Amino acid sequence: MNDKLNRQVLQKHLAQLPATHPERRAAILPMMQALQIERGYLDDAAVEEVAHFTGLSTTEVEELATFYSLIYRRPVGRHVLRVCDSVCCSLRGADQLLVVAEKYSGVPLGKVTPDGAFSVLPSICLGLCDQAPAALVDGEAVGPLDEAALQALLQRLQVEG
Amino acid sequence: MGTIRIDGREIPFKEGDNVLKAALAVGIEIPYFCYHDTLGSLGACRLCAVEITPKDPAKAPQVVMACLEPARDGLEVSVSALAARQVRQGVIEFLMINHPHDCPVCDEGGECHLQDMTVACGPPYRRYRGRKRTFTNQDLGPLVHHEMNRCITCYRCTRFYQEYALGDDLGAMRLRNEVYFGRFQDGPLASPFAGNLVEVCPTGVFTDAVFRQHFARVWDLKTAPSVCPHCSVGCNTLPGARDGTLRRIRNRFHAELNRWFICDRGRYGHQYSEHPARPLTPRVEDVKVSYRQALTAAAEQIKAARDKIGGLGSVREDLEGNAMLRALLYDLSGIFATFSDPQLEVATTTAVAQLQNTTRVLSLAEMEQVDAALIVGDLTAHAPMIDLALRQAYRNGAKLAVLHSGPTPLVRFAATTLTVPPHEIGAHLLRLNEWVAAPSAAHNKQEKELTDIATYLTAAHQPLLIGVIETMVAPEIAVLAQLSTALGSRARLAYALPGANAYGAALLTPASSTSAMLEAIESGQIQTLIVAGNDPLGDARLGARWRTACQRLNTLIVLDCVATATAEAADILLPVAAWAERSGTFVNYEGRAQGFASVFQRSEPLPSTAEVIADLAQCLGLAPPDAAVVLSDAFPGYQAPVPGTLGSPLAALPLPVQIDTTILPAKGPHPGRWQAALTSWYGDEPLAGFAPALLKLAPAAAALINPAIALSEGIAEGERVRLRGPVETMVLPVQLDNNVAAGTIALARGVLAQLGVGHGDPLELEKIS
């Protein structure tokens, strides 16, 4: 990631901080989100940059960045598929879906496909128990899924690039 | 106050206590992990489950966490209730799901809280047969070893490291069953108190990386109550030895001083005693000889010198060694001194004289309660545990003001910082005194800061004034004491003294003895010099002068346990026992005499300094002096403090105050364009300087300069400059640091010694074109 770009994004973001957030540290989550939207994920340099801008230590930023599962500290594909593996979805076959997804993508869960098209991540409960087994595709809910639907979905993501 | 009933037993409690604290205080061992006497309750581990019975008989008994349940009068608690036992057993079983089965090879084995608790409450077998969660460990530097798989998520490490010690490079990452305690990136832990992780961790996640290199099972270690020899605080320690070698140091609880923690210098500095260069065999003229032969040779030289003899004790030598040497010199009509630098002698004796004059000096536990403090110098490097105590004061809301010339970690927590060159420290202290006597308006930024400091101090319920003796001169020390008097009886005074027994040594030091000794050697009035635990030849300011002077000596007899420059140059070298190998007494910064016991003997036992001097006296045909007798001569009514007790104030006749503060000029004369300042770090100490693991963390040699001054002088970061001292010229890279005063070059002790300058001395800096 390019440090200069990081700084531009953060500066832009800081300028937009509402008056209700006078403390820079209060802006840490939106800042991390803004960087992630721009760059896909946060690398170590981005964490250091956020620390610099918020006045927090890199440890504090890292604690937050790694706590939130929607903040990525590793590269992800252009599309992210989060398959729920909590109780309801698991009972309805989510575990098998994850096996299928892993097999289809050819890389372990959490890694990016060689073409950079997508990453499959297991997720804690998405609150979509009514659609179990459910998943989020780039933030959009899908479900109930079966093996065929999942494969079709991954194929579509690959084609879309 | 009131009582609670635990399984039918009436237990008294103090206001604000929780059930766990009240129970532990009377020896009822409710199992727990995350609770810590100092770090408090968190309720993370859920192990201290107990059952309480509501007063209302219609309500059913309930299981609560003892550490979170406030003690209330008449509360009925059961530790043995079935429901509570089942919860505790369940907690242990869950914790053991991911904990590795590696107790037989784990460093923590034998002193593992998890092991104890599992045996005490857990199921004896595992039911879980699945895969365990695993982590990748980090390299946390040479002192602390990381093994995350063993973690039970009690959060004690981050609570100590971040909340208590105010470090910012160890955190709790991730979430759920993957919580990971570590750094942002691999690298050595930056806190001077990081080694305490080894003790606060209830299992083997953080273990002593130095102990690992030469490991012993804890039940095989010989231990005895000891006192840390690495600074004037006098923390209580528990060294562990095996097979005639010292393996590790642990904290030993002292309610008024270190309590549960010690600094990393205290924990890891002990490696000096196992250093490969440590002198273990007596030497005469570079030939290894027996102890008897060396003693006879020394006695012959002393006899030949008649009264042309000197004895140099030390601030790191115990009370017995110093007193015995003084008694021997008295019998021989020679000169006795304990310092290698007259300036440090006057500074230390002035400080001790002032401390004798004040009301009792605050203990570490009391320092945590002050609400304002003025710190003169870098406490972290000279008395790390006082720094930790003031961090607690800061957490409690105290205003800290730091008056300093070079880098000091406490500025991070200071409400006001005054960064001034060494020669202006005194003037600022005088201004503070004037302000306290007659408050006036501030006209510029510096005056505003002084006014702020004076305001905190005068407004405080209990202000503390504390100075670092090694970087102060006597008039400044006296002015700090005057400021304390001016602030009234609420104010407390303390000094970080330049050695574990500096207080005791100062009490035994005849006035102006250091310069008398140096001049006597230079003029040939001393032909034989006995040095015990001192390193005059390695002195920063006067090392070169001592080296020249000592060439005039017929014989240099050195008693030491480390290979100092002076020991290397000795004609007769008598190795002595290191601190854990002997018993003795240190007097700490408060004037508290603390005894330490001999922990172990080496395979070839070494005598203590006092024993060598007694043997020497016998060889000389003198009545063999006895340390106890000598000490009761020096200190009327002296009773040797028993090791393992709290220690007792040393009853000593008051030292004469030698300093007339009226001679302190309003502003010291400017010593030239650049002035040297000592920049130290927590591992910097004569003994700890021989501890290899600690030395790996020593900052790289550099000339530290204020960025604004560097800019105006056209000096860039990393640029190499030539420093010209009276002894040598050195080329060093420049490092820019905001915490260095204008006109000041902050340098490490070794660099100062090589250049031949002391703290506050003028120095020349040249750009290399």
Note to self: Given the criterion of a type in the set (A, V, I, L, M, F, W, C), at pLDDT below 95 and outside the structural domain of B:P192 (by TED's automatic domain parsing), identify the matching residue among B:V361, B:V411, B:V376, B:V370.
What the structure shows: B:V361
Checklist line | When residues of segment B:717-769 are limited to those that are surrounded by fewer than 20 Cβ atoms within 10 Å (Cβ to Cβ) and hydroxyl-bearing (S, T, Y), the one farthest from B:I469 (Cα to Cα) | finding: B:S769
Next item on the list: Can you give me the number of residues within segment B:215-256 that are part of a strand (DSSP E or B) and either over 20 Å from B:N501 (Cα atoms) or among the β-branched types (V, I, T) (or both)?
Entry: 13
Notebook entry, point to check: Restricting segment B:149-172 to residues that are part of a helix (DSSP H, G or I), under 30 Å from B:H101 (Cβ atoms) and in contact with a Phe, Trp or Tyr (Cβ under 9 Å, 6 or more places away or on another chain), which is farthest from the other protein chains (Cβ to nearest Cβ)?
Noted result: B:N149
Notebook entry, point to check: Could we say that A:Y104 is part of a loop (DSSP other than H, G, I, E, B), on the phi < 0 side of the Ramachandran plot, crowded, with 17+ Cβ neighbours inside 10 Å and of a type outside the set (K, R) here?
Noted result: no
Next item on the list: Only residues that are part of a strand (DSSP E or B) and over 22 Å from B:L39 (Cα atoms): list them for segment B:59-93, please.
Entry: B:Q62, B:V63, B:E76, B:V77, B:S78
Next item on the list: Output the qualifying pairs, or none if there are none: Cβ atoms under 6 angstrom, residues six or more apart or on different chains, first residue in segment A:26-51 and crowded, with 21+ Cβ neighbours inside 10 Å and part of a helix (DSSP H, G or I), second residue of a type in the set (D, E) and at pLDDT 90 or above.
Entry: A:V47/A:E62
Notebook entry, point to check: If B:G187 passes every condition in (1) within 14 Å of another protein chain (Cβ to nearest Cβ); (2) touching a helix residue (DSSP H, G or I) at 6+ places or on another chain (Cβ under 9 Å) but one, which one does it miss?
Noted result: (2)
Check: If A:V112 satisfies every condition in (1) among the β-branched types (V, I, T); (2) more than 23 Å from B:R176 (Cβ to Cβ); (3) within 14 Å of chain B (Cβ to nearest Cβ) but one, which is the exception?
Finding: (3)
Notebook entry, point to check: (1) surrounded by fewer than 24 Cβ atoms within 10 Å (Cβ to Cβ); (2) out of contact with any Lys or Arg (no Cβ under 9 Å at 6 or more places or on another chain); (3) modelled with pLDDT of 95 or more: which one isn't true of B:M517, the others all being true?
Noted result: (1)
Notebook entry, point to check: Any idea which residue in segment B:487-502 is surrounded by the fewest Cβ atoms within 10 Å (Cβ to Cβ), counting only those that are in contact (Cβ under 8 Å) with a residue 40 or more places away in the chain and of a type outside the set (G, A, S)?
Noted result: B:R492
Checklist line | Complete set of residues in segment B:645-672 that are modelled with pLDDT of 85 or more and loosely packed, with under 15 Cβ neighbours inside 10 Å | finding: B:T645, B:L646, B:P649
Item checked: Subset of segment B:388-410 (residues that are more than 22 Å from B:V473 (Cβ to Cβ) and assigned to a helix (DSSP H, G or I)) -> B:L388, B:A389, B:L390, B:R391, B:Q392, B:A393, B:Y394, B:R395, B:P409
Notebook entry, point to check: So is B:V200 touching a Gly at 6+ places or on another chain (Cβ under 9 Å), in contact (Cβ under 8 Å) with a residue 60 or more places away in the chain and among the β-branched types (V, I, T) or not?
Noted result: no
Notebook entry, point to check: Taking B:T203 and the conditions (1) within 14 Å of chain A (Cβ to nearest Cβ); (2) over 30 Å from B:R602 (Cα atoms); (3) in a loop (DSSP other than H, G, I, E, B), which numbered condition does it fall short on, given that it satisfies the others?
Noted result: (1)
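The values are calculated or read from the model by the stated rules, or taken from the named source; none is laboratory data. Just so it is clear, the structure is predicted and the values come from calculations on it, not from any experiment. Positions of Cβ are generated from backbone atoms using ideal geometry, with glycine treated the same way; all protein chains shown enter the neighbour counts.
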